[in-house]
Amino acid sequence: MKAYERVIQLVLFISAIIAVFGVILISYFIISEGYPVIRKVGLLDFLSGNRWAPTQGVYGIYPMIVGSLLVTAGALVLGVPIGIGCAIFLAELAKPRIAGILRPGIELLAGIPSVIYGLYGLAVIVPFIRKVFNNQGFSVLAGSIVLAVMILPTIINVSESAIRSVPRDYKEASLSLGSSHWQSIKNVIVPAARSGITAAVILGMGRAIGETMAVIMIVGNSPLVPESILSPVRTLTGNIGIEMGYAGGEHQKALFATGIVLFVFIMLLNIAAHLIPKKAGE
Amino acid sequence: MRIKKTLAFICAAVLLIGALTGCAPAETNEPAANGLGESITINGSTSVQPLAEELAKAFKEKNPDATIDIQGGGSGVGIKSAADGVADIGMSSRDLKPEEKSLKEFKIAVDGIAVIVNPTNEIQGLSMEQILKIYTGEITDWKEVGGKEGKITVVTREEGSGTRGAFIELTKVESKSEGDRTVASAITQGSTGAVITTVAGDPNAIGYASFGSAKENTDIKLISVDGKTCTEENIYAGEYKISRPFLMLTQAEPTGLAKAFLDFILSEEGQTVVSGHNYLKAVK
């Protein structure tokens, strides 16, 4: 029995190592492939360059950085209020029967493949924007709308568990002081859960910034700093996704370099999410 | 508890096996005794290269001992390499100039690019000049080219795409001094299908796609260029301007593996590969 357990332990340890090893391998690969281009172009020129013309050896990803941030910000503006509202409703107000219907629905939302979101955006949202604003339809706005829906499950699930983990005493104390249920939610429960809710927003942001397929299908992918939220835009992920197919040589390395920048963004977000104190009320 | 442990064990084992099987040694081919065991080098046009690679793959399925090394470099390099005998076969995606005609020339495919608009668009045709100006952002409204007022949605392919390369070269959107001048606000799509979907959905869009994949699609309209409609006949005849031949070139009459490969390309089987990649067959 002892030997058997030791074998199991070893196998599980190896599994864990493989997972970590995967991360290390991928990081090493992306950096070693992409770094030569960054060194050649210069980090500052690479990040602040306004023109992306890979077949002519001009690599500036500033439009894509702005693009990623804009689309993500738009998604947060639309998705965060709805997500937190939904989380409060599920945690505090919904009757078990209603929550029993809503929760699987939200889980289903998380399970829809991103290409389906893209298809929906392409078939419904882009034509809608085209009709309303009489433009090309592919835009920051279209991307933000679809991403807002895509990040809802993350925001709702994490926020809801944060709200649920607020000690009962807080709510009871608030109610016993004579405040109404809504006052308790607004002034006690949600503020107490704010670190968890912040984590939810950051995780949602990570999901939005990393999304590729759905975004490629609906934002137009023009490598240009958008003039407004109705202009087409290209994101960092889109830049890699759309050009990887035929890219060779330095062009391909420049796409890996784009990957490094994206990687740094995601890493910063993950670090930020870890820095937030875990317990409610702290 | 026992079941959980067993499950965990199975999962871990599967992971481990999956990780290890990736390391199996590659099989090596024994060199063959027949003439097809030799190796040839092909270089030249990067537009022809992907098709040549597909053809070589199909060829090698039947002749596993042959080694065909395919490299890029551009049409100019392909023509020069064939002339100098540096490569066994050179690839070119443009017609030969008179002074280059001493080479043996094999047309393996024709690449035609259809300019497409939404079916509701009244425009029936554009001149090369107008197409150039639309794609460089000089013309931005359909009324400037005789259509109904509406801001033109320019749709293009991503950089690196062979279709985009051919289109900007043939329409002169790509200039020697400034390179690719495609207007930066153009909607960029990563596949022919996405371009067609975009044009099909936007009444003001203009796009382009390989003739092979656009010809039978009724969601879009193929327009004429310089007064010539985009049909197979006009492309073959060279009347329709946004088209180009894919050539394979040899210094002298090909022999051995080079001949076998060229024969294969021009056979029905090879030409099926050509049309499968949305190029027009060289042999009707």
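With semi-axes defined as the square roots of five times the eigenvalues of the C-alpha gyration tensor, the equivalent ellipsoid of region A:47-275 measures 38, 19, 14 Å, largest first. Once B binds A, the 1.4 Å probe can no longer reach about 2300 Å² of accessible area, counting both sides. Distance between the 7 Å Cα→Cβ label points at residue A:132 and residue A:19: 4.2 nm.
Can you show me the helix-derived [θ] at 222 nm for the protein assembly as shown, built from DSSP H runs with n ≥ 4 at -39,500 (n - 2.57) apiece and divided by the number of residues, rounded to the nearest 500.
-17000 deg cm²/dmol
For region A:1-71, applying the loop criterion from DSSP together with a ceiling of 16 other beta carbons within 10 Å to the trypsin sites (Lys or Arg not before Pro) yields A:51. Normalised by 2.2 N^0.38 Å, where N is the number of residues, the C-alpha radius of gyration of the protein assembly as shown stands at 1.18. Extents of region A:188-246, taken as max minus min of Cα coordinates on every principal axis and listed largest first, are 53, 27, 15 Å.
Positive contributions from Lys and Arg (+1) and negative ones from Asp and Glu (-1), summed over other residues with Cβ under 15 Å from the Cβ of residue B:178, come out at 0.
Contact order for region A:47-275, expressed relative to its length and based on alpha carbon pairs under 8 Å spaced 6+ residues apart, stands at 29 percent. Put a dot 7 Å past the Cα of residue B:263, heading toward its Cβ, do the same for residue B:57, and the two dots end up 2.5 nm apart.
In the protein assembly as shown, taking the dipole from charged Cβ atoms about the Cα centre, the farthest positive-side position among A:11, B:44, A:31 is held by A:11. A straight chain from residue B:239 to residue B:176 at 0.36 nm per residue would run longer than the Cα-Cα distance by 20.2 nm.
Loop-located trypsin sites (Lys or Arg not before Pro) in region A:194-282 (DSSP state not H, G, I, E or B) with no more than 13 neighbouring Cβ atoms inside 10 Å: A:278, A:279.
At an R0 of 25 angstrom, the distance between the Cβ atoms of residue A:73 and residue A:180 translates into a FRET efficiency of 0.15.
Report, by chain and number, residues whose modeled amide H sits under 5 Å from the one on residue B:45, excluding near sequence neighbours (fewer than 5 apart, same chain). Excluding prolines and chain starts, which carry no amide H, the hits are B:74, B:75, B:78, B:91, B:92, B:93.
Assuming a ≥ b ≥ c are the square roots of the Cα gyration tensor eigenvalues, decide whether chain B counts as rounded (a/c under 1.5), prolate (otherwise, with a/b larger than b/c) or oblate. The shape class here is oblate. Looking only at GluC sites (Glu not before Pro) in DSSP loops with at most 14 other Cβ atoms within 10 Å, what is the longest site-free stretch of chain B? It runs B:28-121.
What chain A shows is 51 Å² of accessible area per residue, with the surface traced by a 1.4 Å probe over protein heavy atoms. At R0 = 56 Å, how high is the FRET efficiency between residue B:252 and residue A:82 if r is their beta carbon distance? Nearest 0.05 is fine. Plugging the Cβ-Cβ distance into 1/(1 + (r/R0)^6) gives 0.20.
Here each label is just a point 7 Å from Cα along the line to Cβ, and for residue A:164 and residue A:98 those points are 1.8 nm apart. Exceeding 19 Å between C-alpha atoms, which entries from my cross-link table qualify? They are B:107/B:176; B:80/B:104; B:62/B:259; B:133/B:215; B:57/B:101. Cα-Cα > 19 Å for B:107/B:176; B:133/B:215; B:57/B:101; rest within. Taking every residue in B:187-198 and counting other chain Cβ atoms within 10 Å of its Cβ, the average works out to 5.
To the nearest 20 Debye, how big is the dipole of chain B about its Cα centre, given +1 on the beta carbon of each Lys and Arg and -1 on that of each Asp and Glu?
760
Shielding by partners for peptide B:156-164, expressed as the average number of C-beta atoms from other protein chains within 10 Å of each residue's C-beta, is 6. Across all Cα pairs in region B:114-256, the calculated P(r) in 10 Å bins from zero up to the longest distance comes to 12, 43, 33, 8, 4, 1, 0 percent per bin.
Counting only other chain Cβ atoms within 10 Å of each residue's Cβ, the peptide A:220-227 averages 5.
The values are calculated or read from the model by the stated rules, or taken from the named source; none is laboratory data. Please read all numbers here as calculations on a predicted model, not as lab measurements. Note that each Cβ is placed from the backbone with ideal geometry, even for glycine, and that neighbours are counted across all protein chains shown. Just so you know, the surface numbers come from the protein's heavy atoms only, side chains and all, with ligands and any DNA or RNA stripped out. Shrake-Rupley method; radii C 1.70, N 1.55, O 1.52, S 1.80 Å.
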